[in-house]
Amino acid sequence: MSDHKSLGKKLRLTKAVKSNRRVPAWVMIRTNRRFTRHPHTRNWRRNNLKRS
């Protein structure tokens, strides 16, 4: 299936996968747990990526 995707789409999906991680522990410690969730966290079933 990945053969049918364009290079741009593959790059966007890769970036989305990499950015979909939790906030590092040192950030939580430094901000006194003000940021426990990452604001860009995304679930593949709930949110779609932009088609640009």
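Among the residues of region 1-43, write down those that are aromatic (Phe, Trp, Tyr) and surrounded by fewer than 11 Cβ atoms within 10 Å (Cβ to Cβ).
Selection gives Trp26 alone.
Tally the residues that are at pLDDT below 90 and within 23 Å of Leu49 (Cα to Cα), restricting the search to region 23-35.
Looking only at that region, the number is 0.
The values are calculated or read from the model by the stated rules, or taken from the named source; none is laboratory data. Source: prediction; values computed, not measured. Here Cβ is always computed from backbone atoms with ideal geometry, including for glycine, and neighbour counts include all displayed protein chains.
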